[in-house]
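Notes to accompany the following structure.
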Amino acid sequence: MPRGPEHPGIPEDPSARVIPRRTVRALCARLRSEGKRIVFTNGCFDLLHAGHAQYLRRAAALGDVLLVGLNGDASVRRLKGEGRPVQRAADRAYLLASLSCVSYVTIFPEDTPARLIGEVIPHVLVKGGDWKGKTIVGSDLVRAHGGAVKTIRFLPGRSTTSILARAADLRRKGSGSSGGRTGTSRPPCAS
């Protein structure tokens, strides 16, 4: 009797969509030859939250393939300061690749995605609404190749910085009570 997958319906391993930087140019050339419209965005994506998920879903809707450039750990540290990133690049990339709207993720070590955008040459370059009216890295190159540059509004009140600030505030408030726990006593979670 033929055997099927042990667990049908389980999606592919997201790590298969985290691609090495050296393969980006060839991948994008293949996608273009297949007539795919490539959308590119980038960021730190340190603590994945609903604002990120909505932003990425809306970016993906602008084309056929969404490629996310992810700042490497040293880059995030230079951009965001000591203590960041909270999660290492491999984990951040895996989480991004787990989203159905994200086609591929690649990690770049530079502080800006300029070189990566030159390798991708996307049809659409997307940044968050906080970049509206500012010079978006790579926008000249994308437009010179006939592409478009779009900004997408963020969900208000959602950011890694605000999440970390709330967590620090909760930790400060919790440190005043015995054992560091706040609220009513609950039984431990069952495994």
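Each value in this text was obtained by applying a stated rule to the coordinates, not by laboratory testing. Being a predicted model, the structure only gives us computed values, none of them experimental. As a convention, Cβ positions derive from the backbone with ideal geometry for all residues, glycine included, and neighbour counts pool all protein chains shown.
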Can you give me the number of residues within region 72-116 that are in contact (Cβ under 8 Å) with a residue 60 or more places away in the chain, closer than 18 Å to R21 by Cβ and touching a Pro at 6+ places or on another chain (Cβ under 6 Å)?
2
Candidates A50, A59 - the one that is in contact (Cβ under 8 Å) with a residue 60 or more places away in the chain, closer than 20 Å to T112 by Cβ and out of contact with any helix residue (DSSP H, G or I) (no Cβ under 6 Å at 6 or more places or on another chain):
A59
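Conditions (1) in contact with a helix residue (DSSP H, G or I) (Cβ under 6 Å, 6 or more places away or on another chain); (2) over 20 Å from F154 (Cβ atoms), marked per residue:
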{"residue": "I10", "(1), (2)": "no, yes"}
{"residue": "D13", "(1), (2)": "no, yes"}
{"residue": "K36", "(1), (2)": "no, yes"}
{"residue": "F45", "(1), (2)": "yes, no"}
{"residue": "G69", "(1), (2)": "yes, no"}
{"residue": "K80", "(1), (2)": "no, no"}
{"residue": "P85", "(1), (2)": "yes, no"}
Among (1) within 24 Å of V149 (Cα to Cα); (2) out of contact with any Cys (no Cβ under 9 Å at 6 or more places or on another chain); (3) outside any loop (DSSP other than H, G, I, E, B), the one test that L48 misses
(3)
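This table checks each residue for (1) among the acidic types (D, E); (2) under 16 Å from D46 (Cβ atoms).
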position: R78; (1), (2): no, yes
position: A89; (1), (2): no, yes
position: Y104; (1), (2): no, no
position: A114; (1), (2): no, no
position: V124; (1), (2): no, no
position: D140; (1), (2): yes, no
position: H145; (1), (2): no, no
